[in-house]
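Asks: The structure is given below, and queries will be raised subsequently.
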Amino acid sequence: MNKLENKVAIVTGGNSGIGYAAAKELKAQGAKVIVTGRNQAALLIAEKDLGVTGIVADQADLKSIENLAAEVKTKFGTVDVIFLNAGIASFAPLESASEAHYDSIMDVNVKGVYFTLQQLLPVLNDGGSVIFNASVNASLGMPGSSVYAASKAAILAINKVFATELAPRKIRVNAISPGPVETPIYGKLGMHQEEVDGFGEVLGQKILLKRFGQASEIAKTVAFLASDDASFITGTEIVVDGGLLVNPVV
């Protein structure tokens with residue numbers, strides 16, 4: 001059953017990882033899908049493989065965000081679903097974290113997300129769905145992740161505020177906090193496959209289901225929140241982490 005038939009959905013950072021999987025799932029559910037990203041070559045591949053519309057946009061650049069909103073309005077008029085997925089991750093301990101490290105993460109993960117939604121708000125239909133991609137890192141206290149964790153904690157905070165602000169328009173606002181997911185992000189962090197495997201083995205022992213998640217599993221949660229199946233859910237966080245945060249004492 002195509003639960004998103006006649007809906008238009010936009011997925012930021014939709015050319016790889018969770019964003020790509022979400023675009024694929026939303027398309028499978030009947031939505032017309034727009035994906036954004038900075039890499040035009042990757043967007044072209046996504047367009048061809050998924051049958052979606054790609055728009056080049058840099059979430060750290062406010063002018064680029066304005067242009068994105070204008071192009072969406074011109075090509076589609078309005079949208080029904082916004083999955084604010086685009087983000088970056090890099091890690092550094094407090095002692096060595098630089099201003100550049102801080103600004104690069106906050107500019108994309110907080111400021112970029114904030115103003116992307118602001119610019120897209122005029123083209124979002126009443127009764128629509130906004131979904132933030134947060135992270136369990138906001139709660140884990142993992143060493144070296146302070147700036148990244150703070151950026152995701154900020155998203156969880158504005159998730160509740162925007163759910164309140166947009167409720168008069170019947171727009172539902174929710175956040176997904178994935179746990180460890182097999183995506184290309186580890187390669188982007190400079191980790192070799194053997195390092196990823198070793199990290200996964202150690203971390204996997206702390207996950208109740210003893211494995212990393214798949215991007216497709218996060219995508220199904222996105223599609224659920226985008227659909228009328230979640231019509232009475234707003235202002236909440238859905239944790240999809242295989243039980244990592246449960247942390248049993250015995």
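The values are calculated or read from the model by the stated rules, or taken from the named source; none is laboratory data. For clarity, every value in this text was computed on a predicted model and none was experimentally measured. When we count neighbours, we look across all protein chains shown, and the Cβ atoms used for this are built from the backbone with ideal geometry, even at glycine.
Asks: I'd like to check something: does the range 105-113 contain any residue that is under 19 Å from the mean Cα position of the chain (by Cα) and of a type in the set (Lys, Arg)?
Replies: Yes, some residue in the range 105-113 is under 19 Å from the mean Cα position of the chain (by Cα) and of a type in the set (Lys, Arg).
Asks: Sticking with this one: Working carefully through the options 131, 176, 171, 88, find the one that is over 14 Å from the mean Cα position of the chain (by Cα) and under 29 Å from residue 227 (Cβ atoms).
Replies: Working: 131 fails: over 14 Å from the mean Cα position of the chain (by Cα); 176 fails: over 14 Å from the mean Cα position of the chain (by Cα); 88 fails: over 14 Å from the mean Cα position of the chain (by Cα).
None of the others qualify; the one that does is 171.
Asks: How many residues does the range 99-124 hold that are surrounded by 15 or more Cβ atoms within 10 Å (Cβ to Cβ) and either of a type outside the set (Val, Ile, Thr) or in contact with a Phe, Trp or Tyr (Cβ under 9 Å, 6 or more places away or on another chain) (or both)?
Replies: Selection size over the range 99-124: 18.
Asks: Taking the options 51, 30, 17, 77, name whichever one is at positive phi and crowded, with 17+ Cβ neighbours inside 10 Å.
Replies: 17
Asks: With the structure loaded, tell me whether residue 133 is in contact (Cβ under 8 Å) with a residue 12 or more places away in the chain, within 22 Å of residue 69 (Cα to Cα), touching a strand residue (DSSP E or B) at 6+ places or on another chain (Cβ under 9 Å) and not aromatic (Phe, Trp, Tyr) or whether it fails that test.
Replies: The answer is yes for residue 133.
Asks: For residue 128, all conditions in the list (1) touching a residue at least 24 places away in the same chain (Cβ under 8 Å); (2) part of a helix (DSSP H, G or I) hold save one; what is the number of the exception?
Replies: Condition (2) is where residue 128 drops out.
Asks: For the range 26-106, list the strands (runs of 3 or more DSSP E) that sit wholly inside it and hold at least 2 residues that are over 15 Å from residue 13 (Cβ atoms) and in contact (Cβ under 8 Å) with a residue 12 or more places away in the chain; which are they?
Replies: Filter on the range 26-106 gives 79-84.
Asks: Oh, and also: Within the range 134-168, track down each residue that is among the hydrophobic types (A, V, I, L, M, F, W, C), at pLDDT below 95 and either under 26 Å from residue 229 (Cα atoms) or buried (at least 16 other Cβ atoms within 10 Å of the Cβ) (or both).
Replies: Hit for the range 134-168 is 140, nothing else.
Asks: Follow-up question, since we're still on this one. Name the residues in the range 56-80 that are touching an Asp or Glu at 6+ places or on another chain (Cβ under 9 Å) and hydroxyl-bearing (Ser, Thr, Tyr), would you?
Replies: Residue satisfying the conditions is 64 alone.
Asks: Out of all the residues in the range 33-46, which are surrounded by fewer than 22 Cβ atoms within 10 Å (Cβ to Cβ) and either among the basic types (Lys, Arg) or in contact with a Ser or Thr (Cβ under 7 Å, 6 or more places away or on another chain) (or both)?
Replies: 38, 42
Asks: Another question, if that's okay. For the range 221-250, name all the residues that are without any contact (Cβ under 8 Å) to a residue 24 or more places away in the chain and either closer than 16 Å to residue 132 by Cα or aromatic (Phe, Trp, Tyr) (or both).
Replies: Listed by number, the residues that qualify are 224, 232.
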